[in-house]
Amino acid sequence: MRNRLKVLRAERDWTQAELADRLKVSRQTVNAIEKGKYDPSLSLAFKISRVFNMPIEKVFVDEETTIP
């Protein structure tokens, strides 16, 4: 699953640690999600979408979905 986490975080000028604090996870978790090494749980994905105040589909993209 691809995500826009790094871009969204950079647009807000947040460090990985600051985002991790907002999400109540470790900085290493944020780093792993950004690098695509870890897919967050559904509850964490929804929490991320709330932190960025956008629909989950704007943060995460299923790689198997073909967009015309």
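When the solvent-accessible area of region 8-68 is split by element, carbon and sulfur atoms take up 49 percent of it, the probe being 1.4 Å. Karplus-based coupling profile of region 41-52, in residue order and whole Hz: 5, 4, 5, 5, 4, 5, 5, 4, 5, 5, 4, 8, with θ = phi - 60° in 6.51 cos²θ - 1.76 cosθ + 1.60 and x standing for Gly or Pro. Helices in the chain, meaning DSSP H runs of at least 4 residues, each add -39500 (n - 2.57). Divided by all residues, the mean residue ellipticity at 222 nm is -14000 deg cm²/dmol. Three semi-axes describe the equivalent ellipsoid of region 1-54; taken as square roots of 5 times the Cα gyration tensor eigenvalues and ordered largest first, they are 14, 12, 12 Å. Show me, for region 15-30, the HN-Hα J-couplings you get by feeding each phi into the Karplus relation (A = 6.51, B = -1.76, C = 1.60, θ = phi - 60°), rounded to Hz, glycine and proline as x. Coupling constants for region 15-30: 7, 4, 5, 5, 5, 4, 4, 5, 8, 6, 10, 7, 4, 5, 5, 4 Hz.
Charges were assigned to the Cβ only: +1 to each Lys and Arg, -1 to each Asp and Glu. The resulting dipole of the chain about its Cα centre is roughly 240 debye.
The values are calculated or read from the model by the stated rules, or taken from the named source; none is laboratory data. The model shown is predicted, which means the values in this text are computed figures rather than measured ones. All Cβ positions, glycine included, derive from the backbone under ideal geometry; neighbour counts span all protein chains shown. These area figures cover heavy atoms from the full protein model, side chains too; ligands, DNA and RNA do not enter into them. Shrake-Rupley method; radii C 1.70, N 1.55, O 1.52, S 1.80 Å.
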